[in-house]
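Down below is the structure, laid out as structure tokens.
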Amino acid sequence: MASYTYKALNRGVGKALHRYDMISNGDRIAVGLSGGKDSLVLLWILNERQSRVPIRYELFPIYIDPGFEGGFGDSLKNYCSKMGYSFRVEYTDYGIIGHSSQNLENPCFLCSRLRRKRLFEITAELECDKLALGHNKDDIIETLFLNMCYAGEISTMVPSQSFFQNKITVIRPLAFVDEDSIRRFSIEMGFPDFINTCPSATNSKRQEIKTLLNQLYKSNRKIKGNIFRSMSNVNKDYLLK
């Protein structure tokens, strides 16, 4: 019998896939892996769905190694090979560049931008029309607050967005799934725990926002859902012009 956690995950993913028409028959889908629980769960659920949905698609997992000492690129590659996935690791020095003294920008911003650019390039090289990323409901809310606090605009990541004259569409099938559900399912399935060796992993601006939001969530369990729904329920008449 399927667990409650699996049912919640599958229901959230199915809702996102259908609402935004994320996957079509014949799609070649690059899957951006980070080594974290979100992207591993994303890859698993997309692979699992292939056996029970009427459309056919192919998955091509990709990991952009930022180049930190003690990285897990080889271990992740071995894990994916054992799982039967055709997997590509791209070894870079983007993390080192982002944290260098020559970089006057936020290290996370520059590293992320370089990795995302290379991810798009590899997606195109593999002739994939979709790029699936493991961002979840919590990530989308956190991005809203990050952009308000540090960019001065009201915006966030969207579940489906096309780039380069519609040549590549970024999809986020976990957009309606809570981080807690992903964490519980990862534990249930015994997914490996790849340690992030980035020196900014625990003191980023995103982590600050996450801590702030978790304090709000503890005060009222309805807050997360209300914030998430508010992003598709905008009253423009009551915003500054």
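Just so it is clear, none of the values below were taken in a lab; they were calculated from the coordinates. Keep in mind that what you see is a predicted model, and the values were worked out from it rather than measured. Cβ: placed from backbone, ideal geometry, glycine included. Neighbour counts: every protein chain shown.
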Got a sec? How would Thr169, Thr5, Thr211 order by Cβ neighbour count within 10 Å, fewest to most? Thr211, Thr5, Thr169
Sequence-distant residues sharing a close amide H with Val31 (under 5 Å, placed H): Phe60, Ile62, Ala132
Take peptides 46-55, 27-36 and line them up by average Cβ neighbours within 10 Å, highest first, as a rough protection proxy. 27-36, 46-55
How about region 91-199: which GluC sites (Glu not before Pro) there are in a DSSP loop, with at most 14 other Cβ atoms within 10 Å of their Cβ? Glu105, Glu127, Glu153
Could you please rank Ser101, Ser181, placing first whichever residue has the fewest other Cβ atoms within 10 Å of its Cβ? Ser101, Ser181
Subset of Lys167/Lys241; Lys77/Lys167; Lys7/Lys137; Lys130/Lys236; Lys137/Lys222; Lys137/Lys218 violating a 24 Å alpha-carbon distance limit: Lys167/Lys241; Lys77/Lys167; Lys130/Lys236
Per residue of the chain, what 222 nm ellipticity follows from adding -39500 (n - 2.57) for every DSSP H run with n ≥ 4, rounded to the nearest 500? -14500 deg cm²/dmol
What percent of all Cα-Cα pairs in the chain falls in each 5 Å bin, counting up from 0? 1, 6, 12, 17, 19, 19, 14, 8, 3, 1, 0, 0
With contacts defined as alpha carbon pairs under 8 Å and 6 or more residues apart, what's the relative contact order of region 131-241 in percent? 28 percent
Could you work out the relative contact order of the chain, using alpha carbon pairs under 8 angstrom and six or more residues apart, expressed as a whole percent? 25 percent
How big is region 70-202 on each of its three principal axes, counting only the C-alpha atoms and giving the largest first in Å? 45, 37, 34
